[in-house]
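One structure below.
No value in this document is a laboratory result; all are computed from the given coordinates. Please read these numbers as outputs of a predicted model, since none were measured by experiment. Cβ placement follows ideal geometry from the backbone for every residue including glycine, while neighbour counts extend to all protein chains displayed.
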Amino acid sequence: MRFDSILFSRRTRQNHALEHATITIMSQRDPNFAAAAHSNPDGFVVFGDVDLGELRRSSEEALHRLQAGEKELAIHPNCGTNLAVGISLVTIGAMLGMASSQRRTRLTTAAASSVAGWAAARPVGEYVQRHFTTLPDLRGVRITDIIRRQFFGFTVVEVRTVQE
């Protein structure tokens, strides 16, 4: 893993937006479609045996639609960002509740704080996606290659992009 992919570089954020848009379009075309993906500065990887032609068509459409200004395609409800934010908010809520000075109400406060964190997870996660982990500005971006690989018996498909 490259260091710049950890810090949400511009290219990683752009590819993350393209990944979300591609997965959204594939899901709209096939309601039974399910896949996981991960973005990096060079593109994104889809974990699963997907049809390469459909992936090519969906990723090209996603790129075109993002370049045309459909920014909401960059936000996905099942993004790992939402999960990470949710876990963080629940954990913080539980810790704050357990740190309460009122011994009798610690458990109740921790539970209520955790539920509040869980309820806020999706809207806060989408805010984090919108402002920190995705970037729908894909001017000058193009898809170069789509490559299927076998990795320890699992199929992964790399979608590579470049910024011109």
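Some points to look at:
- Relative packing of 145-153, 86-94, which averages over residues the other C-beta atoms within 10 Å, highest first: 86-94, 145-153
- Summary value for the chain: 29 percent relative contact order, contacts being C-alpha pairs under 8 angstrom separated by 6+ residues.
- Degrees, to the nearest 10: 106-128 long Cα axis against longest axis of the chain: 20 degrees
- Projecting label points 7 angstrom from Cα along Cα→Cβ for Ile147 and Leu52 puts them 1.2 nm apart.
- Distance histogram for the chain (every C-alpha pair counted, 5 angstrom bins, percent rounded to whole numbers): 2, 9, 16, 18, 16, 12, 8, 7, 5, 4, 2, 1, 0
- Each of Met98 and Trp118 was given a label point 7 Å from its Cα along the Cα-to-Cβ line. The distance between the two points is 1.7 nm.
- Order of Leu73, Leu83 - criterion: other Cβ atoms within 10 Å of each residue's Cβ, fewest first: Leu83, Leu73
- Averaging 1/r over every pair of different alpha carbons in region 80-130 and inverting the result gives a Kirkwood radius of 10.9 Å.
- The residues packed around Ile75, meaning those with a beta-carbon under 10 Å from its beta-carbon, carry a net charge of 0 if Lys and Arg are +1 and Asp and Glu are -1.
- Counting charges near Arg148 (Lys, Arg +1; Asp, Glu -1) among other residues having Cβ under 11 Å from its Cβ returns a value of -3.
- Net charge of the neighbourhood of Ala21, taken over other residues with C-beta under 11 Å away and scored Lys/Arg +1, Asp/Glu -1, is -3.
- The chain: angle of helix 80-98 to the longest principal axis, Cα-based, in degrees nearest 10: 10 degrees
- Mean-square fluctuations from a GNM of the chain, with a 10 angstrom spring cutoff on Cα atoms, peak among Ser58, Ser39, Ser114 at Ser114.
- Shown here for region 31-131: GluC sites (Glu not before Pro) in loop regions (DSSP other than H, G, I, E, B) with at most 16 other Cβ atoms within 10 Å, namely Glu70.
- Ranked list, fewest to most other Cβ atoms within 10 Å of each Cβ, for Glu158, Glu164: Glu164, Glu158
- Acute angle (nearest 10 degrees) that the helix 10-29 long axis makes with the longest principal axis of the chain, alpha-carbon atoms: 80 degrees
- Using the Cβ-Cβ distance between Asp30 and Ser88 with R0 set to 35 Å, the FRET efficiency from 1/(1 + (r/R0)^6) comes to roughly 0.60.
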